[in-house]
Amino acid sequence: MTASLRRSLLSVVLAAAGAALLPLGTHATTTAAAAAPRVAGPLVNVAWLEQALAAGDVLVLDAQPQPMHAARHIAGAVNVDVFAFGGRERTPAEVEAHFQSWGVGTDKRIVLVDQGAAYLATRLFFDLVYQGFPAERVFVLDGGMAKWTEAGKPVTKEPTPAPARGSFRVTATPRDELRSRLPEFLNASGDTRRHALVEALEPNYHFGEAKFFNRAGHVPNAIMMPSGDFFNADKTFKSPEEISRMAAYFGIQREQQVHAHCGGGVAATVPFFALKYIAGYPDVRLYKESQLEWLQDERTLPFWTYDAPMLQRDTGWLTGWSSRMLRMYAATKVSIVDVRAAERYGRGHVPFSLSVPSEHFRRHLGEPAQLAKLLGPAGVDATHEAVIVSDGGLNEHSALAFLAFERLGQKASILMDSVDEWGLRGGEITKEPTAVGPKKSPLDVSIPPTAYPERARDGVVLRELPAPARNAYPRVMLAAGAQAPAQAPAGAKLVHLPARELVNADGTPKAAKDLWSLLSKAGVPRYAEIVCIADNPGEAAMAYYVLRLMGYPDVKVLVA
């Protein structure tokens, strides 16, 4: 870990001071000689720790930065510099020497403390358990020092004497099932069915406004769940039920292998700890090296700012994957759908594009079966990616087609270049209609008509608002037109963000960092059922597209 990264992370830690209490059941005793109470799970509260200290069978490791520890700490707590210990790979002998110097032994239970709602105690938890210390004998004080002092418990500034050397011995083989390495993490990034990549950084890092290293953004397919999301407003850890609910909202399943990561492997220990040890997800791993290693890799591994950049295509991409050669050998998996008016299409269009004017998508948005009857004979293949061509980028016509394909369950994207820009960038423009019909020879590039399936996905286009699902996140009505309704439906929050503010003059969506700023300022929450509305359904569809681009998982459009 570089000195600059360490300073950056330390500043975040110092700013995150605070604490809270998670009530836990205890078997109270009244004498100091009594044994410390039993506890279920990895969290303990202030009352438990006070009783355990009186019993004398716990060791408190204080992971606060040294200035905080010097200002106030629990008497007898041993200060541990998490960054100094975890900054590089250490030999088993070095690890063992560190642990023993802190007084770690199997004769005592370990309680880890930080300032509260931070990630230093959880990182220390990982280090201990990874090196073989029994997980059932190491705990985190929920709420940390802030909760301890809030409860009026004694603190001291007196330095803790060096503890007696501990007896803990590092196992020959660390618990590697708790850790991801770059090859498997790279594989997981491309296999979102079996894996989930949870990123613990804040939105300004995830969407590219700030950066730790040479590039801004996030690992492809990373799910942004900042470490702060796992704490309540009072800075206690959220309940197992709420953590599971959060994970389910982002599609994280218990059957998946979950890989927690961040910039340098410290903040990521919060989702690691919360998902595995509080919520009980069976296979959660920490990618300690995180973005630091990813970005240093000599292959220049990809880094995104949008959550779904593949929803945008450009001339270079489309000319490469829709060439005559690929179509001649039936190797292309792209259906180009030109949604301009038929007359505009006839004056010049992208080769192999299929004319399906946007009016068809508008008219049949609520009738997917009718739309399917148009798309199949036009040559649109439901197994292909539908690349939507319009007058340029994201507009009401391209957005409506995108929304319709989303409802039909077909992968879709929007060409960000107009047909004129396509030509200026060196792409061929033709006036000959694309031939749709059976192939007459092996070299024929005609596009065969298809039997487009008559299907529809629920929860994409709504004709009326259903009752909110039980235990659902709040419903937010995003008004994407120039004017907002006077009031929201009962039980919903209304926010106004015109779709036109989300795009640049050339029709491209604004940068991810700017979109996040606009959405945040408008009051669009991260955890919500978002229903886009507008008098013009095309504007609602534009907002839908942007939210999908930004990775919001529960977005719908309400049409009259």
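The values are calculated or read from the model by the stated rules, or taken from the named source; none is laboratory data. Keep in mind that what you see is a predicted model, and the values were worked out from it rather than measured. Quick reminder, even Gly has a Cβ in these numbers, built from the backbone with ideal geometry, and neighbours come from all protein chains shown.
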Inset, instruction - Taking the residues in the stretch 341-388 that are part of a helix (DSSP H, G or I) and acidic (Asp, Glu) as candidates, determine which candidate is nearest to the chain's Cα centre (by Cα). - result: 359
Inset, instruction - Restrict the check to the stretch 267-274 and report whether at least one residue is in a loop (DSSP other than H, G, I, E, B), within 18 Å of residue 197 (Cβ to Cβ) and in contact with a helix residue (DSSP H, G or I) (Cβ under 7 Å, 6 or more places away or on another chain). - result: yes
Legend entry - In the stretch 370-407, residue surrounded by the fewest Cβ atoms within 10 Å (Cβ to Cβ) [restricted to those that are touching a His at 6+ places or on another chain (Cβ under 7 Å) and more than 19 Å from residue 546 (Cβ to Cβ)]: 370
Inset, instruction - List the helices (runs of 4 or more DSSP H) that sit entirely inside the stretch 36-129 and contain at least 1 residues that are farther than 21 Å from residue 200 by Cβ and polar (S, T, N, Q). - result: 46-55, 66-71, 92-101
Legend entry - Residues of the stretch 436-450 classified as surrounded by 11 or more Cβ atoms within 10 Å (Cβ to Cβ) and not β-branched (Val, Ile, Thr), total: 6
Inset, instruction - Would you mention how many residues in the stretch 512-534 are assigned to a loop (DSSP other than H, G, I, E, B) and under 17 Å from residue 556 (Cβ atoms)? - result: 6
Inset, instruction - Determine whether residue 98 is in contact (Cβ under 8 Å) with a residue 12 or more places away in the chain and surrounded by fewer than 21 Cβ atoms within 10 Å (Cβ to Cβ). - result: yes
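Is the stretch 483-498 home to any residue that is touching a residue at least 40 places away in the same chain (Cβ under 8 Å) and touching a Pro at 6+ places or on another chain (Cβ under 8 Å)?
Scanning the stretch 483-498, I find no residue that is touching a residue at least 40 places away in the same chain (Cβ under 8 Å) and touching a Pro at 6+ places or on another chain (Cβ under 8 Å), so the answer is no.
Residue 512: under 27 Å from residue 368 (Cα atoms) and either at pLDDT 95 or above or among the aliphatic types (A, V, I, L, M) (or both), yes or no?
no
Could you check the stretch 277-314 and list, in sequence order, the residues that are among the small types (Gly, Ala, Ser) and under 30 Å from residue 394 (Cβ atoms)? Show your work before the answer.
Narrowing the stretch 277-314 to residues among the small types (Gly, Ala, Ser): 279-280, 290, 308.
Listed by number, the list holds a single entry, 308.
Considering 82, 104, 95, which residue is touching a strand residue (DSSP E or B) at 6+ places or on another chain (Cβ under 8 Å) and of a type outside the set (Lys, Arg)? Spell out the reasoning first.
On the way: 82 fails: touching a strand residue (DSSP E or B) at 6+ places or on another chain (Cβ under 8 Å); 95 fails: touching a strand residue (DSSP E or B) at 6+ places or on another chain (Cβ under 8 Å).
Going through 82, 104, 95 in turn, the sole match is 104.
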Legend entry - Exclusive hit being of a type in the set (Asp, Glu), without any contact (Cβ under 8 Å) to a residue 24 or more places away in the chain, at negative phi and not assigned by TED's automatic domain parsing to the domain that holds residue 513, set 242, 289: 242
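Could you tell me how many of the residues in the stretch 298-336 are within 30 Å of residue 201 (Cα to Cα) and in a loop (DSSP other than H, G, I, E, B)? Break it down stepwise before answering.
Our first condition is that a residue be within 30 Å of residue 201 (Cα to Cα); within the stretch 298-336, this holds for 298-314.
Now drop any that are not in a loop (DSSP other than H, G, I, E, B), which leaves 298-303, 305-308, 314.
Matching residues across the stretch 298-336 total 11.
May I ask you to say which residue of 166, 208 is assigned by TED's automatic domain parsing to the domain that holds residue 262, small (Gly, Ala, Ser) and assigned to a loop (DSSP other than H, G, I, E, B)?
Working: 166 fails: assigned by TED's automatic domain parsing to the domain that holds residue 262.
The conditions single out 208.
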